[in-house]
1. Just one of the numbered conditions (1) surrounded by 13 or more Cβ atoms within 10 Å (Cβ to Cβ); (2) assigned to a strand (DSSP E or B) is not true of Tyr13; which one?
2. Considering every residue within region 178-196, establish whether at least one is crowded, with 24+ Cβ neighbours inside 10 Å, among the polar types (S, T, N, Q) and within 16 Å of ligand 2 (Cβ to nearest atom).
3. Could you check, for region 83-94, whether at least one of its residues is in contact with a Gly (Cβ under 6 Å, 6 or more places away or on another chain) and either of a type in the set (Asp, Glu) or farther than 30 Å from Ser143 by Cα (or both)?
4. Looking only at helices (runs of 4 or more DSSP H) that lie completely in region 131-223, which have at least 3 residues being farther than 22 Å from Pro95 by Cα, within 16 Å of ligand 1 (Cβ to nearest atom) and modelled with pLDDT of 85 or more?
5. Tell me which residues, restricted to region 29-49, are closer than 16 Å to Ile210 by Cα and either near ligand 1 (Cβ under 7 Å from one of its atoms) or surrounded by fewer than 22 Cβ atoms within 10 Å (Cβ to Cβ) (or both).
6. Test Leu4 against the stated conditions and say whether it is crowded, with 19+ Cβ neighbours inside 10 Å, closer than 21 Å to Lys69 by Cα, at pLDDT 95 or above and within 16 Å of ligand 2 (Cβ to nearest atom).
7. Look at Asp70 and say whether it is more than 16 Å from ligand 2 (Cβ to nearest atom), surrounded by fewer than 13 Cβ atoms within 10 Å (Cβ to Cβ), at pLDDT below 95 and among the acidic types (Asp, Glu).
8. Quickly run through region 50-67 and pick out the residues that are within 9 Å of ligand 2 (Cβ to nearest atom) and either of a type in the set (D, E, K, R) or surrounded by fewer than 20 Cβ atoms within 10 Å (Cβ to Cβ) (or both).
Amino acid sequence: MTILKAEHISYSYRTKYQTIEAVRDVSCKFDAGKMYAVTGESGSGKSTLLSMLAGLDLPQSGRIYVQGKDLAAMDRDRYRREQASVVYQAFHLFPLLTALENVMFPLELKKVKKKAAAEQAKELIRQVGLSEKTFRQFPQMMSGGEQQRVAIARALACGGNLLLADEPTGNLDTENEQHIVKLLCQQSRERNYAVIVITHNPEVARQADIILKMRDGRLVDAC
Ligand SMILES: Nc1ncnc2c1ncn2[C@@H]1O[C@H](COP(=O)(O)OP(=O)(O)OP(=O)(O)O)[C@@H](O)[C@H]1O
Ligand SMILES: [Mg+2]
C-alpha cells in the first residue's frame, strides 16, 4: 500500500540576492512496510524534500498525496501528530521535560492514561538501547547520541504509519547506529510503517529496501 506519494514537487529558497532551487521536479512514492534511504551530497536538497514530505513546508509546485489525499488540503499539524512522526536533524527534544516525559508526550496527546503511557515510553526507551537511568534525565544532561535515541523513541511513540528521519544516526557510534537502523527496519516491517531515513552513511543506506539518491535537487534514481 502506498502511504505517501510526491508528484513533480519543487521548492526554491528566495533570498534577496539569489534563488536556490533546492528541490526540482521530484516524484517518488513510499509504501507501507518498507524502509527508504535518501542519500546525496550536502546541499543536494534532502532536508528540504523531507520537510515537504513532513508537511512542514508546502511544495511551490507539484503535489503530495497522503493515502490519496492532497496534503496541501489537510490539517498538517494533525498529519504530523497522528500519522507522520519526524526525527529532525537537530533533535528538538523538549528541554524542560525528562527523557521519559519527552517520550510520553505523544502518547498523552493521544489520551493514553499516564500510567500506561509511562510503561510504553519506558519500553521504547529500552528498545533504543538506553538504560533506566535516562528516564529522569533532562536533554541537556544527555550526550548527543542519547538525545538522538530519545528523539527516535518519541517518534516511535507517535504511532501513525510514517516515520521520517533526518540523519537519525548522525550522532551515534557504529554499534548504536547499527542498533537503531535495525530497530527502524524492524519497525517498518512489524508496524507496517513507511520509514524514510536521510543518511550520508552507506552502511545505513545499504540496509534500506530502496535507496533514493539526490543530486542538485533532483532524484537521480527515481522510484
Ligand atoms: N533556509 C534556507 N534559505 C536559503 N537557502 C537554503 C535554506 N535551507 C537550505 N537552503 C539551500 O538549499 C539547498 C538544499 O539544502 P538542504 O538543507 O535541503 O540540503 P541537504 O541535502 O539536506 O544537505 P545536508 O546533507 O548538508 O543536510 C542548499 O543549497 C542550501 O544551501
Ligand atoms: Mg540536511
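The values are calculated or read from the model by the stated rules, or taken from the named source; none is laboratory data. It should be emphasised that the depicted structure is a prediction, and the values quoted were computed from it without experimental measurement. Counting neighbours? That spans all protein chains shown, and the Cβs are built from the backbone with ideal geometry, glycine included.
1. The one condition Tyr13 does not meet is (1).
2. no
3. no
4. Numbers: elements: 144-157, 174-190, 202-206.
Of the helices (runs of 4 or more DSSP H) lying wholly inside region 131-223, those with at least 3 residues that are farther than 22 Å from Pro95 by Cα, within 16 Å of ligand 1 (Cβ to nearest atom) and modelled with pLDDT of 85 or more span 202-206.
5. Here is the first cut: in region 29-49, the ones closer than 16 Å to Ile210 by Cα are 29-40, 46.
Lys29, Asp31, Ala32, Gly33, Lys34, Gly40, Lys46, listed by residue number.
6. no
7. no
8. Passing the criteria: none in range.
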